[in-house]
Amino acid sequence: MSDNNGEVIQAALPLVDGHGMPIRICKRGRGRPAFEKTPEIQRLVAIMLTKGASKDEIAAAISCSVRTLERYFSPELERAGSARLLAEARNVDRLMNAADKGNVSAMVQIDKKLDRWAIAAPQAKPKLEPKVRKLGKKEQIVAEAHEASQSGEWGSLLKH
């Protein structure tokens, strides 16, 4: 675009890459621009963690290295195991609030989730019998000889 004087006017559009992520402009001059941890990127990392994405996938999505991801998002990565459970709990809480207000579809969704959780719940482990120590060759021979001496026809002959 140009104005009446022929000077070029830049549009005030935000600079984004092909994935819709903002392009960071280096303010220092040379080298790669420093990574900036924004709330949008934090949210994206949290969503990807709840979906079970790997560190490599998350780093590629936010255009940084895995080391940078670990450096800036270590608390989030440490809670990755509980992130999915926390998101599921939030969803159930929202469904419960909607069901309390009379939303029938929310009630149906809660029933489905509870059924899924009942199936996925670990079953009680049966009590295991104590392990019987396996006898060595010599111990087995002695045990068999002792058993033979106690019962059967040989018992009376071996006692003399």
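Taken together, the values in this text are just the output of simple stated rules run on the coordinates, not laboratory data. All of these numbers come straight from a predicted model, not from anything done at the bench. Cβ coordinates were reconstructed from backbone atoms using ideal geometry, including for glycine residues, and neighbour counts include every protein chain displayed.
Treating r as the C-beta distance of R84 and L15 and R0 as 30 Å, the FRET efficiency rounds to 0.35.
Which residues in the range 83-105 have a backbone N closer than 19 Å to a point placed 7 Å from the Cα of L114 along the Cα-to-Cβ line? Counting backbone N atoms under 19 Å from the label point, the list is 88-105. Amide H contacts of A53 (H built 1.01 Å from N, in plane; Pro and chain starts excluded): no residue 5 or more places away or on another chain comes under 5 Å.
Provide the packing ranking of 43-53, 127-137, i.e. peptides ordered by the mean count of other C-beta atoms within 10 Å per residue, highest first.
Per-residue mean Cβ counts within 10 Å order the peptides as 43-53, 127-137.
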